[in-house]
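The values are calculated or read from the model by the stated rules, or taken from the named source; none is laboratory data. Everything numeric here is computed off the predicted structure, so don't read it as measured data. Glycine also receives a Cβ, built like all others from the backbone with ideal geometry; neighbour counts cover every protein chain displayed.
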Amino acid sequence: MAHGKRLLPFVIVAVVALLAATGWAFRERLLGFVRARSASSASAPTAGSPMPMADHQGDAKRSGGDPSADTTARSEVTIDPRRQQLIGVRTTPVTRGRMEQNVRAVGVVRYDETRLADINLKLEGWIRDLYVDYTGQSIRKGQPLFTLYSPEVLTTQNEYLLALKTRDQMQESQLPDSREYADRLASSARQRLTLWDLPPEQIEALERTREPQTNVTFRSPVTGFVIEKTALKGMHVMPGQTLYKIADLSAVWVEAEVYENEVPMVRVGGPATVTVDSYPGQPFNGRAVYVYPTVTEQTRTVKVRFEFPNAGGRLKPGMYANVDLRGPAVAGLTVPTNAVLDSGRQQVAFVLVGDGYFEPRNVKVGLRFRESVQILEGLKEGEQVATGAAFFLDSESQLRGSLQGFETPPANAGAPAQRERLDIAVRTQPDPPKTGENAFEVTVKGADGKPIEDAQVSLQFNMAAMPTMNMPAMRNEVKVAPAGGGVYRGSGEVMMAGRWDVTVVVSKGGQRIGAKQLIVTAR
């Protein structure tokens, strides 16, 4: 018993490996059929087949694209007007015109870094009087900030006064060297006071009154607002210590995040407008001044700096802002953005040929605008393209293209068996079906109108993957049993609401004798 338990994990691994190998072999067989179908330039449809083969290379040539670039087989789709309205398919013409490359981005108002000032000292001392005593205070250039007592300044003032007195006494000296030496002493003392940022008017007052000043008044070198303050009355300060930071808000920056594909539309020096929630409908005019040289990896955006005049101070740092940048106009063909399905390797649009008949076209897109995209190749002006539910058309087109490739074996696989032309009708209860359990009835008749008895009938449900909605493909199968007179009944589950591509397969003795494709829209 214990030996059997030890072998159990190995048995499970072997079974999983066998299933994986079987699935891989089936996938390779399916891909081989599709490749063989795509490689043939022309092929006659199988007699009695309900799904004639389409010439995909011919489709690529009509669309103006490169056939080798079409990585997904697609087939033409026919949708009657009632179903178009039901699933929301709309058409719009391909138009030609001049399109303005407008870039819209969200940004934040910042301080203009070239208008920031750091107030610090070059000497040691103590703050006596504090005139600007709170953050956010508006100040003017030359306005007193604080007074400082500094023994170094007091000593240097006395030295300067002594040098001035000596220079005055030497004016009547007969020794030129003595007069020159006295002048150098006075000039050196005065220069030290200047380098310590003492206001010129205080130095002039010292020269005029010949009295040293115990407290020195320091003034603001700029006009602006105090955005940071560390100065306190009585505080001991050291050289280089920041006491205030002052910002001039007469102009501000707005830093916005622009998607990397829109960066070529940004021109340094180009005009820009910005709006903020505080002043709706009141745009501010400015210009782009700098494009940062790096990309933010998390958002795939590039930071762009804009400069805006702010005389009234309405743009306040920290505000969120909406930036509108107008680029150069471009002429060409355009369609709505939702008319082009982009898989990453190819772009496809569905063109209305007539009577509900849609043809897939490979297209080459250019610049993308707010709600439209530029078409470089593949479409002509005036052609009608599907919008709205175009992804439903793409799902059906891919399904039909794949089934056609799968139905047709490679050239060396031998001739397929002949099939009957069958008349297949399907009913559901309720009609249309709902999500969950439903009843299905299939009636099968031959070309002569006689019922087909004792066949194996199944309904294969398929909903193609929708990459734009991050939804994988879904498949389900419902088998119905003979009920007599060519009627087959059974029940099965519809997994979710929406449009399903259904293939009814009729077989006898292990050989498929007919099939029919239809669309079922579940509630």
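For this structure, a couple of remarks:
- The residue that is nearest to Ala105 (Cα to Cα), among those in segment 301-331 that are of a type in the set (Gly, Ala, Ser) and surrounded by 15 or more Cβ atoms within 10 Å (Cβ to Cβ), is Ala321.
- Output for segment 313-329, where each listed residue is small (Gly, Ala, Ser) and part of a loop (DSSP other than H, G, I, E, B): Gly313, Gly318
- Residues being surrounded by 20 or more Cβ atoms within 10 Å (Cβ to Cβ) and within 15 Å of Asp197 (Cβ to Cβ) - total across segment 151-163: 3
- Of the residues Lys434, Lys516, the single one that is under 44 Å from the mean Cα position of the chain (by Cα), more than 30 Å from Asn338 (Cα to Cα) and of a type in the set (Lys, Arg) is Lys516.
- Within segment 243-266, the set of residues being aliphatic (A, V, I, L, M) and surrounded by 17 or more Cβ atoms within 10 Å (Cβ to Cβ) comprises Leu243, Ile246, Ala247, Leu249, Val252, Val254, Ala256, Val258, Met265, Val266.
- Top-ranked residue in segment 115-149 [being part of a loop (DSSP other than H, G, I, E, B) and of a type in the set (Val, Ile, Thr); ranked as surrounded by the fewest Cβ atoms within 10 Å (Cβ to Cβ)]: Thr135
- Segment 212-262 - residue that is among the β-branched types (Val, Ile, Thr) and not in a strand (DSSP E or B) and, of those, nearest to Tyr149 (Cα to Cα): Thr214
- Annotation note: of Thr114, Thr135, the sole residue that is closer than 23 Å to Pro317 by Cβ, free of Cβ contacts under 8 Å to residues at least 40 places away in the same chain and either of a type outside the set (Lys, Arg) or in contact with a strand residue (DSSP E or B) (Cβ under 7 Å, 6 or more places away or on another chain) (or both) is Thr114.
- Considering the conditions (1) farther than 30 Å from Leu341 by Cβ; (2) crowded, with 16+ Cβ neighbours inside 10 Å; (3) touching a Pro at 6+ places or on another chain (Cβ under 9 Å), Ser458 is excluded by exactly one of them, (3).
- Across segment 179-196, the qualifying residues are those that are charged (D, E, K, R) and modelled with pLDDT of 80 or more, and the one among them that is farthest from Thr217 (Cα to Cα) is Arg184.
- Single residue of segment 470-495 satisfying the filter (assigned to a loop (DSSP other than H, G, I, E, B) and surrounded by fewer than 13 Cβ atoms within 10 Å (Cβ to Cβ)) that is modelled with the lowest pLDDT: Asn470
- Taking (1) of a type outside the set (Asp, Glu); (2) at pLDDT 85 or above; (3) over 28 Å from the mean Cα position of the chain (by Cα) in turn, Val94 satisfies each apart from (3).
- Residue check, Ala182 touching a residue at least 12 places away in the same chain (Cβ under 8 Å), among the hydrophobic types (A, V, I, L, M, F, W, C) and touching a Ser or Thr at 6+ places or on another chain (Cβ under 8 Å): yes
- Test for Lys229: is it crowded, with 18+ Cβ neighbours inside 10 Å and either over 41 Å from the mean Cα position of the chain (by Cα) or among the basic types (Lys, Arg) (or both): yes
- Test: Ala182 is in the same structural domain as Lys122 (by TED's automatic domain parsing) and in a helix (DSSP H, G or I): yes
- Condition check for Arg110: surrounded by fewer than 18 Cβ atoms within 10 Å (Cβ to Cβ), modelled with pLDDT of 90 or more, over 30 Å from Pro328 (Cα atoms) and among the basic types (Lys, Arg): no
- Cross-chain or 6+ apart pairs with Cβ under 7 Å, segment 271-294 first and more than 18 Å from Glu257 (Cβ to Cβ), then among the basic types (Lys, Arg): Pro271/Arg287; Pro271/Arg326; Tyr279/Arg314
- Residue within segment 155-170 that is assigned to a strand (DSSP E or B) and either closer than 29 Å to Ile203 by Cα or at pLDDT below 90 (or both) present: no
- Count of residues meeting criterion [touching a Pro at 6+ places or on another chain (Cβ under 6 Å), more than 11 Å from Leu459 (Cα to Cα) and not hydrophobic (A, V, I, L, M, F, W, C)] in segment 500-522: 1
- Residue within segment 433-442 that is part of a strand (DSSP E or B), surrounded by 14 or more Cβ atoms within 10 Å (Cβ to Cβ), in contact with a Phe, Trp or Tyr (Cβ under 6 Å, 6 or more places away or on another chain) and among the hydrophobic types (A, V, I, L, M, F, W, C) present: yes
- Of residues in segment 327-370 being over 30 Å from Arg287 (Cα atoms) and among the polar types (S, T, N, Q), the one modelled with the lowest pLDDT: Ser343
- Looking only at segment 446-469, residues that are under 17 Å from Leu422 (Cβ atoms) and not in a strand (DSSP E or B) come to 9 in all.
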